[in-house]
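Okay, structure first, notes after.
The values are calculated or read from the model by the stated rules, or taken from the named source; none is laboratory data. Since this is a predicted model, take the numbers as computed values, not measurements. Cβ placement follows ideal geometry from the backbone for every residue including glycine, while neighbour counts extend to all protein chains displayed.
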Amino acid sequence: MQRIVTPMVFLSLLLSGAIFGFFYAWVCSTMWGLDAMDPNAAIAAMNAMNISVRNGVFFPAFFGTPIVLLITAILAYLAKSRATAIFLGSGAVIYFLGAFLLTASVNVPMNIALEAFVEPLPTAEALEIWSAYSARWQFWNITRTIVAGITLLLVGLGLYALPRRA
């Protein structure tokens, strides 16, 4: 059973790291760059990015992370790697509640609402729309980034807790 658990923990680490890095990139560069642009261009760019993220590269990291973490936690538990199971199970719950559900209930609806603005707007109106959207979106993105970082840390601890062969 341990032969299955170890590669699954590494897969969990890879997926958790990928989604943390995705959210983190928005925190440290993408949104700041958009905030520095003309607000009409920022709205158009954000809309384009939100459409482009619906792809097969993003899918495994965002949707697969909680599933793989939960499966790995169960496998670790069955293999009597209790500490690893607890770390990964905790990571699955934390990610699902604090990143996955947060994204689905806050960031995605905000993105869908922003898609209504496709025509260039008067600059003052575009600035008002973008400023309100960006500030709120970034707050929740930072929250899910922290949660994804905690998830990644828990997976790392789960890897560290795996039994070593003598």
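Quick notes
- Within segment 91-110, if we keep just the residues that are more than 20 Å from Asn50 (Cα to Cα) and aliphatic (A, V, I, L, M), the residue that is surrounded by the most Cβ atoms within 10 Å (Cβ to Cβ) turns out to be Ala92.
- Taking first residues from segment 97-111 that are under 17 Å from Thr65 (Cβ atoms) and partners that are modelled with pLDDT of 95 or more and of a type in the set (Lys, Arg), the Cβ contacts under 7 Å between residues at least 6 apart in sequence or on separate chains come to Gly98/Arg144; Ala99/Arg144; Leu102/Arg144; Thr103/Arg144.
- Residues in segment 63-90 that are buried (at least 20 other Cβ atoms within 10 Å of the Cβ) and either under 15 Å from the mean Cα position of the chain (by Cα) or modelled with pLDDT under 95 (or both): Thr65, Pro66, Val68, Leu69.
- Residue that is surrounded by the most Cβ atoms within 10 Å (Cβ to Cβ), among those in segment 36-47 that are in contact (Cβ under 8 Å) with a residue 12 or more places away in the chain and more than 26 Å from Pro60 (Cβ to Cβ): Ile43
- Among residues of segment 15-35 that are of a type in the set (S, T, N, Q), those with a Cβ under 6 angstrom from a residue that is assigned to a helix (DSSP H, G or I), sequence gap 6+ or separate chain, pair up as Ser16/Thr65; Ser16/Thr151; Ser16/Leu152; Ser16/Val155.
- Some residue of segment 145-152 being assigned to a helix (DSSP H, G or I) and either surrounded by fewer than 15 Cβ atoms within 10 Å (Cβ to Cβ) or of a type in the set (Lys, Arg) (or both): no
- Residue within segment 112-126 that is in a loop (DSSP other than H, G, I, E, B), of a type in the set (Asp, Glu) and modelled with pLDDT of 95 or more present: yes
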